[in-house]
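One structure is given below, encoded as structure tokens.
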Amino acid sequence: YFHVKQIPETLLNQLDPPDVPAEPALDQEIVAHFLPESLIYFTERGEFRHVVAIFISFEGIASIAEFNDWAFVLIENINRFSGYFNHIDFGDKGGVVVCGFGAPIAYENMIDRALSFILSVREDLKGFENLSGLKFRAGITYGFAYAGIAGGQKRCEYTFYGEVVNLASRLMSNADWGEIVVSEDVSHETEAVFNFEYKSTSQYKGIA
């Protein structure tokens with residue numbers, strides 16, 4: 001193969017590129033299938049707020065049908081507890097789900113909701129025989145983060161940024177399969193409601 005380094009000016013003058021038609025605005029009814037109502041009418045760029053960041057790593061999905069059932073369990077539960085489903089990604093960490101609580105809309109007891117969400121996911125998976133080979137692990141943190149629109153006009157998403165989000169990813173990566181690992185802040189805020197077992201103290205690069 002060859003790399004085209006330059007197009008001659010004489011050739012450019014001969015080209016008559018067609019006009020690109022303007023893209024019509026997406027119909028609101030269509031958008032509602034992909035975004036929660038709070039984001040359809042979201043007019044801000046972003047803000048700093050307290051959030052619960054959740055990273056879920058998974059493996060053992062072998063078909064589209066299994067993936068659909070896994071996504072169904074996640075989305076049904078995140079909606080049940082009034083959280084925000086960001087995205088499912090596939091990269092160097094394998095399959096990863098990013099979601100959270102506290103933005104774009106915050107409800108009371110957001111940390112309780114987050115822990116109830118992940119425990120409910122684990123319980124609901126028992127009802128899907130085709131997901132018996134699925135394994136997942138999760139990292140959950142609570143703290144101050146930037147929440148808002150990231151990207152450009154052609155491609156963007158509402159997401160969370162900050163040290164608390166990075167820490168959730170690190171906790172997920174260091175968890176064993178089947179484990180739900182939370183930060184000290186999460187355990188302190190909810191230890192009167194949920195049972196925790198101390199695992200370890202770790203130092204993560206770039207995090208004090």
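Loop-located trypsin sites (Lys or Arg not before Pro) across region 49-118 with a Cβ neighbour count of 16 or fewer within 10 Å are K93, with loop assigned by DSSP.
Given region 47-99, what whole percent of its Cα pairs are spread farther than 14 Å? Everything past 14 Å amounts to 58 percent. Computed over protein heavy atoms with a 1.4 Å probe, the carbon and sulfur contribution to the accessible area of region 1-126 reaches 55%.
Counting only DSSP beta bridges whose two residues both lie in region 112-208, roughly 65 percent are antiparallel.
With 0.36 nm allotted per residue and the present C-alpha distance subtracted, the F128-C156 stretch has 6.8 nm of extension available. Springs join every pair of Cα atoms under 10 Å in this Gaussian network model of the chain, and among D185, D112, D16 the largest mean-square fluctuation is at D16. A simple packing score, the average count of other Cβ atoms within 10 Å per residue, orders the peptides 128-136, 200-208 as 128-136, 200-208, with the highest score first.
Under a Gaussian network description of the chain, with springs only between Cα atoms under 10 Å, the residue in L125, L15, L26 that fluctuates furthest is L15. The length gained on full extension between K135 and V31, counted as 0.36 nm times the residue separation minus their Cα-Cα distance, comes to 34.3 nm.
For region 11-106, GluC sites (Glu not before Pro) meeting the loop criterion (DSSP other than H, G, I, E, B) and having at most 10 other Cβ atoms within 10 Å: E44. Would you please classify the overall shape of region 49-202 from the alpha carbon gyration tensor, given that a ≥ b ≥ c denote the square roots of the eigenvalues, rounded means a/c under 1.5, and beyond that prolate means a/b larger than b/c while oblate covers the rest? It is rounded, given that a/c, with a ≥ b ≥ c, falls under 1.5.
Determine the percent antiparallel among the DSSP beta bridges restricted to the chain, to the nearest 5. Antiparallel bridges: around 90 percent, rounded to the nearest 5.
F117 contributes about 0 Å² of solvent-accessible surface, heavy atoms of the protein only, 1.4 Å probe.
Using a probe of 1.4 angstrom and keeping all protein chains present, the accessible surface of region 166-208 works out to 73 square angstrom per residue. If I fit a long axis through the Cα atoms of helix 110-124 and take the longest principal axis of the Cα atoms of the chain, what angle between them do I get, 0 to 90°, rounded to 10? Once rounded, the angle reads 90 degrees. Entry comment: accessible area of region 1-113 is 72 Å² per residue, from protein heavy atoms only and a probe of 1.4 Å.
Highest mobility in the GNM of the chain, judged by mean-square fluctuation with C-alpha springs under 10 Å and restricted to Y84, Y198, Y146, is found for Y198.
The values are calculated or read from the model by the stated rules, or taken from the named source; none is laboratory data. Note that the structure is predicted; figures quoted are calculated from it, not measured. Glycine gets a Cβ as well: all are built from the backbone with ideal geometry, and neighbour counts include every protein chain shown. Only protein heavy atoms, including side chains, enter the accessible area calculation; ligands, DNA and RNA are left aside. Shrake-Rupley method; radii C 1.70, N 1.55, O 1.52, S 1.80 Å.
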